[in-house]
Amino acid sequence: HRGAHNDDLNGVGKTSESQVVALPNGTLRMYSRNTIGYISYADSDDGGATWGRSRSDQALAYVGNCMVSFINLEGVLVGPDGTVYKNLLLASYPKESDRTEGVVRIGSIAQDGTVTWLNSDDTRYSGDFAYSCLTQDVDNLERFGMLYEHSGDVHIRYVTLTVSDLLGETLPQPEAPDLQ
């Protein structure tokens, strides 16, 4: 069922072409195209029937007015210091105003919904980059696929990425559940 329109845009301009991810506490987060220079999001505690106030994520500098892609990732990430990052997100979006300079980020979501972005917003794809779409390989959780529009040659491109491409780390298979 379609949820209610979010009327509390909180200065983010129009929102559209949204993608929804699940937060660890069951809240849904809708990341949306907007016009402010940072990616915006709104949260829903009722399964998407209603949406809270829009907010901008100041860590996600963005061209504005172009589709963004966000997905939840399966698995965990173990940092070089042994820190275990759970509840992972993968995001892709153009960084420059002419829909260029593609960025791919991995984030870890805390219980309170705060996202810690684990890699920088350095450009991964120079040149034309718009309308990206992400997926995770179910047979190899450390590998991802991405489609994006390369308007210079009017083609849709497909690339594969790994966690080590983005972070220099590996994404192990999900931890076995504790049966005690």
With the first residue restricted to segment 76-93 and required to be of a type in the set (G, A, S) and at pLDDT 90 or above, and the second required to be assigned to a strand (DSSP E or B) and open to solvent by 10 Å² or more (accessible area, probe 1.4 Å), Cβ contacts under 7 Å at 6 or more apart or on different chains are A91/R105; S92/L134
inquiry  = So for segment 23-39 (the condition being touching a Lys or Arg at 6+ places or on another chain (Cβ under 6 Å), over 23 Å from C133 (Cβ atoms) and at pLDDT 90 or above), does at least one residue qualify?
reply    = no
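Of all residues being under 15 Å from the mean Cα position of the chain (by Cα) and open to solvent by 10 Å² or more (accessible area, probe 1.4 Å) in segment 74-109, which is nearest to C133 (Cα to Cα)? Just the residue, please.
In the first step, residues of segment 74-109 are kept if they are under 15 Å from the mean Cα position of the chain (by Cα); the result is 74, 86-95, 102-109.
Keeping just the survivors that are open to solvent by 10 Å² or more (accessible area, probe 1.4 Å) gives 74, 86-87, 95, 105, 108.
Numbers: E74: 17, K86: 22, N87: 20, K95: 15, R105: 13, S108: 19 Å.
Out of the qualifying residues, it is R105.
Go through segment 51-108 and count every residue that is of a type in the set (V, I, T) and under 18 Å from T35 (Cα atoms). Explain how you work it out, then say what you get.
Taking segment 51-108 first, the residues of a type in the set (V, I, T) are 63, 68, 71, 76, 78, 83-84, 100, 103-104, 106.
Then drop every residue that is not under 18 Å from T35 (Cα atoms), which leaves 63, 68, 100, 103.
Total meeting the criteria: 4.
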Inside segment 56-73, the number of residues satisfying the requirement of being modelled with pLDDT under 95 and either of a type in the set (D, E) or open to solvent by 20 Å² or more (accessible area, probe 1.4 Å) (or both) is 8
Considering segment 26-41, residues that are over 12 Å from the mean Cα position of the chain (by Cα) and within 19 Å of S108 (Cβ to Cβ), and then whichever is least open to solvent (accessible area, probe 1.4 Å), we arrive at T27
Here the qualifying pairs (Cβ atoms under 8 Å; residues six or more apart or on different chains; first in segment 120-132 and closer than 13 Å to D165 by Cα and without any contact (Cβ under 8 Å) to a residue 40 or more places away in the chain; second open to solvent by 40 Å² or more (accessible area, probe 1.4 Å) and assigned to a strand (DSSP E or B)) come out as T123/K95; T123/E101; Y125/E101
Within segment 6-22, residues being touching a residue at least 12 places away in the same chain (Cβ under 8 Å) and assigned to a loop (DSSP other than H, G, I, E, B) number 9
By residue number, the members of segment 112-160 that are in contact with an Asp or Glu (Cβ under 7 Å, 6 or more places away or on another chain) and open to solvent by 50 Å² or more (accessible area, probe 1.4 Å) are T123, S126, Y131, R143, S151, G152, I156
In segment 42-55, anything in a loop (DSSP other than H, G, I, E, B) and open to solvent by 60 Å² or more (accessible area, probe 1.4 Å) is listed as D45, D46, G47, T50, R53
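The values are calculated or read from the model by the stated rules, or taken from the named source; none is laboratory data. What you see is a predicted model, and the numbers here were worked out from it, not measured in a lab. Here Cβ is always computed from backbone atoms with ideal geometry, including for glycine, and neighbour counts include all displayed protein chains. For accessibility, only protein heavy atoms count, side chains too; no ligands or nucleic acids. Shrake-Rupley method; radii C 1.70, N 1.55, O 1.52, S 1.80 Å.
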